[in-house]
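This report refers to the structure that appears directly beneath it.
The values are calculated or read from the model by the stated rules, or taken from the named source; none is laboratory data. What you see is a predicted model, and the numbers here were worked out from it, not measured in a lab. No Cβ is skipped: glycine too gets one built from the backbone with ideal geometry, and neighbour counts run over all protein chains shown. We work out accessible area using only protein heavy atoms, side chains counted, and drop any ligands, DNA or RNA first. Shrake-Rupley method; radii C 1.70, N 1.55, O 1.52, S 1.80 Å.
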Amino acid sequence: MSTILKWAGSKAGIMPALSIHLPQGKRLVEPFAGSCAVMMNTDYPQYLIADINPDLINLYRQVKEHSRPFIVMAAQMFNQNANYEDYYRIRAEFNLCLSLTLLQRAVYFLYLNRHGYRGLCRYNQKGGFNTPFAKNDTAYFPLAEIEAFAIKAQRATFICADFKETLQMVEGGDVVYCDPPYDGTFSQYFGEGFGKEQHCQLASMLSGIAESNTVVCSNSDNEFTRQLYSKFHTSSVTAPRSIGSKAGASKRGAEIIATNVRHLPYIGFEKAISGSQSAEMQAAE
């Protein structure tokens, strides 16, 4: 299933490979929300979705709680603001106008994402959104994706928190999936960035959680990450690239999926969803 946002590093393209490592559980915990591709392509009873970016979490909360007015306002903004000048005016308002409501900020954020360069989400040192305009793209208004997200989001709790805070909330029966900014790639996503120190902290916390919960983590496939997750089982996948020298419609890069469980039964999306629907029908009866 497609997502509301276009997103550099989205997992939508590798879900068949990733899903075989995600077992059933009471809740999926994601400390790095991104485009919510994993949430939208799995079928857990509950989700805890976190990110350090308040604009991203605000968008998801507003769609969850106010989907109809969000759709109306966003459609109007897309229809009336389609060119280069419009984009930079709206970006300036987003960064400087303190009177914007949370709902308005969410609408602006969607507009900037869909009109910005290749799903890049970037901020300057002052906290201003500074992704450039996508000159050659025709912006897509994701109506169906917003409506589907609004339904799925009723199972989710969205929090603005870093990975350390989020992982401390893991409970028994949770499945943990982490998709941090990749080693060796663009990491100045929000705040102070995500370097090797943060990668080491994340791996250390995941090793502790792995003693009682299923843990899955994606990252670049290189010597550093292989060593970092040497106590985990790792498999290689190739994923589309939308940013950097390898970007392009046919360009792909190597990634690893690291997990503390070697083999998991693949129940597939359709079986998982039909099983959930059958349980819900039985409960209703």
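Structure summary
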| quantity | calculated |
| --- | --- |
| Residue list for the range 25-38, filter: in contact with a strand residue (DSSP E or B) (Cβ under 7 Å, 6 or more places away or on another chain) and of a type outside the set (Lys, Arg) | GLY25, LEU28, VAL29, GLU30, PRO31, PHE32, ALA33, CYS36, VAL38 |
| Qualifying residue in the range 64-86 (condition: under 16 Å from the mean Cα position of the chain (by Cα) and surrounded by fewer than 17 Cβ atoms within 10 Å (Cβ to Cβ)) | no |
| Filtered residues of the range 138-173 (kept if β-branched (Val, Ile, Thr), at pLDDT 95 or above and over 17 Å from VAL38 (Cβ atoms)) | ILE146 |
| Top-ranked residue of the range 3-24 - restricted to ones that are open to solvent by 20 Å² or more (accessible area, probe 1.4 Å) and touching a strand residue (DSSP E or B) at 6+ places or on another chain (Cβ under 7 Å), ranked as farthest from PRO240 (Cα to Cα) | PRO23 |
| Residue within the range 38-47 that is of a type in the set (Asp, Glu) and in contact with a Ser or Thr (Cβ under 8 Å, 6 or more places away or on another chain) present | yes |
| Filter result (modelled with pLDDT under 95 and aromatic (Phe, Trp, Tyr)) within the range 174-186 | TYR182, PHE186 |
| Total residues in the range 161-200, condition among the hydrophobic types (A, V, I, L, M, F, W, C), outside any helix (DSSP H, G or I) and more than 19 Å from ASN113 (Cα to Cα) | 7 |
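Table: residues versus (1) out of contact with any helix residue (DSSP H, G or I) (no Cβ under 6 Å at 6 or more places or on another chain); (2) among the hydroxyl-bearing types (Ser, Thr, Tyr); (3) on the phi < 0 side of the Ramachandran plot.
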| position | (1), (2), (3) |
| --- | --- |
| ALA82 | yes, no, yes |
| ASP86 | yes, no, yes |
| VAL107 | no, no, yes |
| LEU110 | no, no, yes |
| ARG118 | yes, no, no |
| ASN124 | yes, no, yes |
| ASN130 | yes, no, yes |
| ASP137 | yes, no, yes |
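Per-residue answers, yes or no, for (1) hydrophobic (A, V, I, L, M, F, W, C); (2) part of a helix (DSSP H, G or I); (3) within 17 Å of TYR177 (Cβ to Cβ):
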{"position": "MET205", "(1), (2), (3)": "yes, yes, yes"}
{"position": "GLY208", "(1), (2), (3)": "no, yes, yes"}
{"position": "SER212", "(1), (2), (3)": "no, no, yes"}
{"position": "VAL215", "(1), (2), (3)": "yes, no, yes"}
{"position": "SER218", "(1), (2), (3)": "no, no, yes"}
{"position": "SER230", "(1), (2), (3)": "no, no, no"}
{"position": "SER235", "(1), (2), (3)": "no, no, yes"}
